[in-house]
Amino acid sequence: MKAEPDELAPAEVDALRAEGLISDDEAFALKKCWYQYRPEQYIYDKFGWTPWNGDDDHPGQQQIIDAYVLALRQMHERDEYEHGLVSACDLQYWSPGETIRNWIRLEAGHTVGKTKLASGLVSHFFDCFVPSIIYTFAPTWPQIKSLLWKEIASDRKRAEDLPGRVLETCEIKTEDAAHFAQGRATNDAGGKGSERVHGQHGKFLMFVLDEAEGVAKFVFDAVKSMMSGGICIAILLANPKTRTSEFYKCRLLNHVISYRMSCIWHPNVVAGKEIVPGAVRRDYVRDMVEQHADLVDEHNEDDLTFDLPFDLQIGGTVYPSGTIWKPDPEFLFRVLGIAPLNISGNTLVPVGRYEAATKRAEPAYGDPRAARIGVDVARWGDDAGTVYLLHNGRVRRTHQIWQLDTIEYLQRIKKVALSLPDDVYSLHIRIDGGGGFGSGIIDLLRIDDELIKRFADFRVFEVHFNATRSEHGEYYDLATEMYAQAAETIKGICIDDAPETLQADLCERRYDWRNVAGVSVKILESKREFKKPNRLGRSPDDGDGFVLAVSPDFLFDTGNWSDALGGDEFDAGQSEYASEAVRVASNW
């Protein structure tokens with residue numbers, strides 16, 4: 001298996017064949033090698049259309065092709081390295097131990113060319129990697145036949161010298177039984193049927209999930225099981241309408257790379273004329289803005305506001321480029337390719353704010369001298385303990401813990417604390433004390449001489465989520481106020497390497513209103529409700545660990561809500577910097 005194709009262009013191959021120096025079969029093999037890492041050239045030469053180009057901030061078809069080529073190169077290099085054909089110093093695209101992101105996930109607005117792109121990549125993979133097995137999935141048979149396979153059949157019908165025949169049954173067949181492509185609908189399996197797609201393993205495998213938001217979970221599971229070896233690519237495409245589908249949930253997995261193609265940045269829309277035939281036009285964006293967006297004065301990441309890179313005329317009014325608009329849910333998925341929030345205004349952490357924090361390169365604030373650790377202790381067999389660290393404006397999960405004893409929790413927490421830079425002198429550890437499960441951990445931490453000596457301001461807080469509401473009177477209990485205050489903290493911090501479950505824990509946990517002494521206050525959805533099958537079906541372990549870490553200090557400075565002790569009852573005079581550390585930390 002060769003990591004680099006032969007550098008003999010198709011025109012040169014045709015010249016050699018015309019002179020009788022190579023056979024037709026040899027010419028086909030040489031062209032196949034040349035095209036392997038040049039899918040955009042293959043698409044143009046064979047089908048006569050050019051993938052449109054965007055940039056890193058506003059990707060187009062070419063950026064998805066680049067990710068596809070990189071994954072192919074990396075898998076070939078890894079294969080050669082593992083078989084001893086190349087050494088580590090010869091590697092150009094992959095490093096030993098590196099995760100290859102060969103699941104390419106694309107969420108897009110309408111008519112930007114995602115299905116056309118997939119059709120070109122299916123043909124490219126089928127023709128350039130032989131023998132290959134390709135499965136394409138969509139929720140229904142009409143979606144299979146009328147969308148992706150319509151494009152595949154149309155392209156291959158006008159091309160010459162391509163292997164196999166495209167059948168009405170949405171298949172490409174060749175004389176080699178191990179080289180084929182098939183389209184399948186997934187809505188007739190009754191929630192089962194993974195055996196219908198399990199079991200295919202080969203040298204080259206491709207899976208395309210079109211309209212992936214409606215594709216059943218068993219298909220995702222089956223694809224994952226078949227992509228355990230060989231050269232394997234999965235392409236997932238959707239106009240995203242919800243945040244509960246497998247398509248949405250898989251976006252944070254390490255082997256998945258995600259792209260979003262917005263109608264706003266399509267060449268036809270930017271130029272105001274048709275450059276890409278049959279694709280979205282500016283008229284569509286104008287009509288959607290008129291019907292599904294409101295003028296606002298400033299950007300607000302909570303509302304996913306947007307502006308346009310061109311002047312827009314609606315009726316007799318011209319809105320200059322840079323005018324700020326607030327989209328409604330329909331505009332989000334039809335134009336911007338963004339999945340609207342599942343539930344409307346009854347959550348404390350807005351999705352837009354959370355996603356901005358996961359993408360933020362540098363925090364807006366933070367103190368390198370102070371750190372906060374939040375620990376949610378697992379209670380039941382399926383629950384997981386979590387440890388989150390906030391330091392210098394960045395928060396991340398450091399540990400996820402299942403059914404471990406007190407000493408093992410202590411060791412993991414100490415490992416996090418002692419790995420902090422030497423100039424960190426203020427460390428507060430907040431531990432969920434509900435039900436008494438965290439008491440043993442708390443007692444051991446409070447008498448730990450190594451931590452007491454290491455940090456001038458060392459405090460351990462036993463936190464009770466169901467403690468009485470604060471003096472501010474807006475929230476029913478501590479859990480509600482911690483989630484609300486965490487939502488404020490998220491405005492300026494960076495969330496690093498967010499686990500898949502964190503967004504749902506923060507952004508989909510609802511609140512309600514309760515009357516207390518004639519005053520309506522917010523109350524967070526209980527864990528019991530959140531864990532029901534018709535809700536999230538699990539405990540919000542990541543959410544609770546996260547809010548323990550990022551909530552501001554003032555929430556824990558009242559004996560009604562928590563109990564805090566440092567090793568020797570912290571004295572601000574023991575460090576010339578300690579009082580400043582507490583002051584800065586209190587402003588988070």
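When Glu290, Glu525 are sorted by how many other C-beta atoms sit within 10 angstrom of their C-beta, beginning with the fewest, the order is Glu290, Glu525.
Distance between the 7 Å Cα→Cβ label points at Ser95 and Asp66: 2.0 nm.
Please order Val285, Val395 by the number of other Cβ within 10 Å, starting at the fewest.
With the fewest neighbours first, Val285, Val395 line up as Val285, Val395.
Would you please classify the overall shape of the range 281-336 from the alpha carbon gyration tensor, given that a ≥ b ≥ c denote the square roots of the eigenvalues, rounded means a/c under 1.5, and beyond that prolate means a/b larger than b/c while oblate covers the rest?
Judged from the Cα gyration tensor, the range 281-336 comes out oblate (a/c at least 1.5, b/c at or above a/b).
Amide H to amide H distances under 5 Å link Ile233 with Leu205, Met206, Phe207, where only residues 5 or more positions off or on other chains count and H is placed in the peptide plane.
So for the chain, averaging the separation of alpha carbon pairs under 8 Å that are six or more residues apart and normalising by length, what relative contact order in percent results?
It comes to 11 percent, rounded to a whole number.
In terms of the mean number of neighbouring beta-carbon atoms within 10 Å, the peptides 447-457, 112-122 order highest first as 112-122, 447-457.
Across the range 443-458, computed HN-Hα scalar couplings (Karplus, 6.51 cos²θ - 1.76 cosθ + 1.60, θ = phi - 60°) run 4, 5, 5, 5, 10, 6, 4, 5, 6, 4, 6, 6, 10, 4, 10, 10 Hz from first to last residue, x flagging Gly and Pro. Using C-alpha pairs under 8 Å with a sequence gap of at least 6, the mean separation divided by the residue count of the range 281-336 gives a relative contact order of 41 percent. Note on Phe310 and Asp56: their simple-model spin labels are 2.6 nm apart, each label 7 Å out from Cα toward Cβ. Charged neighbours of Glu355, selected by a Cβ distance under 13 Å, balance to +3 (K, R count +1; D, E count -1). Taking the DSSP beta bridges with both ends in the chain, the antiparallel portion is around 45 percent. Exposure proxy for Arg514, Arg158: other Cβ atoms within 10 Å of each Cβ, ordered fewest to most, give Arg158, Arg514.
The phi torsions of the range 102-115, fed into the Karplus equation with coefficients 6.51, -1.76 and 1.60 and a -60° offset, translate into couplings of 9, 9, 9, 10, 10, 9, 8, x, 6, 6, 9, x, 5, 6 Hz, rounded to whole numbers, with Gly and Pro shown as x.
Return the subset of Lys46/Lys173; Lys359/Lys522; Lys46/Lys150; Lys217/Lys249 for which the Cα-Cα distance in this structure is over 21 Å, preserving the input order. Kindly include the intermediate steps, with their values, before the conclusion.
Working: Lys46/Lys173 19 Å; Lys359/Lys522 29 Å; Lys46/Lys150 17 Å; Lys217/Lys249 11 Å.
Over 21 Å apart, Cα to Cα: Lys359/Lys522.
Give, as a single signed number, the net charge of other residues whose beta carbon lies under 10 Å from the beta carbon of Gly48, with Lys and Arg counted +1 and Asp and Glu -1.
On the way: positive: Lys46, Arg158; negative: Asp45, Asp155.
That sum, taken over residues with Cβ under 10 Å, equals 0.
Give the residue list of trypsin sites (Lys or Arg not before Pro) in the range 35-84 that are DSSP loop and have at most 15 other beta-carbon atoms within 10 angstrom.
none
Once the Cα-Cα distance is subtracted from the 0.36 nm per residue extended length, the Asp294 to Ala11 segment shows a gain of 96.5 nm. Stretched out straight at 0.36 nm per residue, the stretch from Thr169 to Asn534 would grow longer than its current Cα-Cα span by 127.6 nm.
Values in this text are rule-based calculations from the coordinates and carry no lab data. Values in this document were obtained by computation on a predicted structure and should not be read as measured data. Don't worry about glycine lacking a Cβ; one is built from the backbone with ideal geometry, like all the others, and counts go over all protein chains shown.
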